[in-house]
1. At a 10 angstrom cut-off on C-beta neighbours, averaged per residue, how do the peptides 84-97, 65-78 rank from highest to lowest?
2. Suppose the chain between residue 152 and residue 71 were pulled fully straight at 0.36 nm per residue; how much longer would it get relative to their current alpha carbon spacing?
3. Hey, if you put +1 on the Cβ of every Lys and Arg and -1 on every Asp and Glu Cβ in the stretch 44-97, which of 83, 59, 45 ends up farthest toward the positive end of that dipole?
Amino acid sequence: MTFTTITPSTVVNGDQFPASTYNTIVADINDVNTRVSSLETSSKACRVLRTTDLSYSTLSDISWESEAFDTDSMWSVANPTYVTINTAGIYAVSFNAYMTCSATLTEAYARILKYPVGGGPVLDTARVYAAGGGISSVGCLVILNTIIVCSVGDRLSAQLSLTGGSAYVVKGSTTAETNVQTRMSVVRLGGTT
């Protein structure tokens, strides 16, 4: 629908305007209400969190403990390591992890994975890799983003692998250093093409 432009004027008691103007205004308001309602119900998103610190070393799926929001029943405590897609579409996925260790890391590896419905191969959709001893024992913030086309039933997870240091900890609580906790956000952007 195309909105009708009405030239503003001062309205005083007793003024009248044609029914066609009134009907146009009502139609425009109804159209806006419909569009807003559609946006509110079509938004499919969730954010899962680590709420406690996690000692970590081997490459495996992060076990999430809580959700900040979930508009499409995508995460469950019963299946804490992944988010399940319930509405097909194109999704933006973001994984943030803040890690510490007792010595300088020689290698850090993080990735976002898609486990397609039907048990097909695991698809490595995005990854970051740092080598050469450049990650200090103070901490390391990994931010990984990707866009993925998903079908109903596909599962998404995030993984980390750290080597070279010791006593690795993936921070769950909000930290003073980064004001961020380890989390994964999944947001539907639109249809499948």
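1. 84-97, 65-78
2. 27.7 nm
3. Highest projection toward the positive end goes to 45.
Quick note: the coordinates plus some simple rules give every number you see, no bench work behind them. Here the structure is a predicted model, which is why all the values come from computation and not from measurement. A quick note on method: Cβ atoms are made from the backbone with ideal geometry, for glycine too, and the neighbour counts reach across all protein chains shown.
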